[in-house]
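Contents: one structure, followed by commentary.
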Amino acid sequence: MAERWRPETHTFHLPEGEMTITLKDVAILTGMPISGDAVIGPQTKPEGGWGPLIRDRLGFDMPTTTPIQGRGHPPLNAGQVSVPRLVSHIQQEVVINDETPEEQVERYARIYLIGLVGGYLFPDKSNRWIQGIWLELLTGDWDAIGQKSWRSAVLAGLYRELCTCSKVGAKASW
């Protein structure tokens, strides 16, 4: 579909005519709110980088140099964080029951939310990386997360990635 995307009009050029994805389409598919504050995160890395933020808010150390399954990409790459590495952390050790501390349940829920946001709502063309700015937003105040206008952010993110993928010479990441 990226080959049929026209960045100048944000539409797909199909034999039937031009079509686009609207806020209503996103609402039907996701059920997310449009009202609320704009979804914006910090524009710069926190002091010390993403590693300390992951350790403090998610409770584990993310290695900064070990490649992911021989692909040659470290789990922390400039302004991005590896979604598979984050999700694999909880897949290895998740056992939630009545005795699981509330803090640990919350950490697992945040990692799952980061995986959802990075892998499904705001994927890049490789579907392996989440922008670091999302980490700060998604590991912050729970109530603030739910009060954001996620539907419009998802649509804007989709348009941005379609424009990136449709550029002449863009290489597939798979």
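Bear in mind these aren't lab numbers, they're just calculated from the coordinates by the rules spelled out. Please read all numbers here as calculations on a predicted model, not as lab measurements. Positions of Cβ are generated from backbone atoms using ideal geometry, with glycine treated the same way; all protein chains shown enter the neighbour counts.
Out of the residues in segment 5-17 meeting the condition of being without any contact (Cβ under 8 Å) to a residue 60 or more places away in the chain and surrounded by 12 or more Cβ atoms within 10 Å (Cβ to Cβ), tell me which one is farthest from ARG160 (Cα to Cα).
We begin by selecting, within segment 5-17, every residue without any contact (Cβ under 8 Å) to a residue 60 or more places away in the chain; these are 8-9, 11-17.
Pick out the ones that are also surrounded by 12 or more Cβ atoms within 10 Å (Cβ to Cβ) and you get 11-13.
Details: THR11: 12, PHE12: 14, HIS13: 17 Å.
That would be HIS13.
I'd like the residue in segment 125-149 that is free of Cβ contacts under 8 Å to residues at least 40 places away in the same chain and not small (Gly, Ala, Ser) and, out of all such residues, is nearest to MET62 (Cα to Cα).
Checked segment 125-149; the qualifying residue nearest to MET62 (Cα to Cα) is LEU138.
Can we say ILE111 is touching a residue at least 40 places away in the same chain (Cβ under 8 Å) and part of a helix (DSSP H, G or I)? Before you say what the answer is, go through the steps one by one.
On the way: touching a residue at least 40 places away in the same chain (Cβ under 8 Å): yes; part of a helix (DSSP H, G or I): yes.
Here the answer is yes, as ILE111 does meet what is asked.
Restricting to segment 147-170, name every residue that is among the aliphatic types (A, V, I, L, M) and part of a helix (DSSP H, G or I). Talk me through it step by step, then tell me what you get.
Pass one, segment 147-170, residues among the aliphatic types (A, V, I, L, M): 153-156, 158, 162, 168, 170.
Within segment 147-170, ALA153, VAL154, LEU155, ALA156, LEU158, LEU162 meet the criteria.
Would you mention how many residues in segment 18-53 are over 22 Å from LYS148 (Cα atoms) and surrounded by 11 or more Cβ atoms within 10 Å (Cβ to Cβ)? First the steps, then the outcome.
Our first condition is that a residue be over 22 Å from LYS148 (Cα atoms); within segment 18-53, this holds for 18-20, 47-52.
Retained after the next criterion (residues that are surrounded by 11 or more Cβ atoms within 10 Å (Cβ to Cβ)): 18-20, 49-52.
Counting residues in segment 18-53 that are over 22 Å from LYS148 (Cα atoms) and surrounded by 11 or more Cβ atoms within 10 Å (Cβ to Cβ) gives 7.
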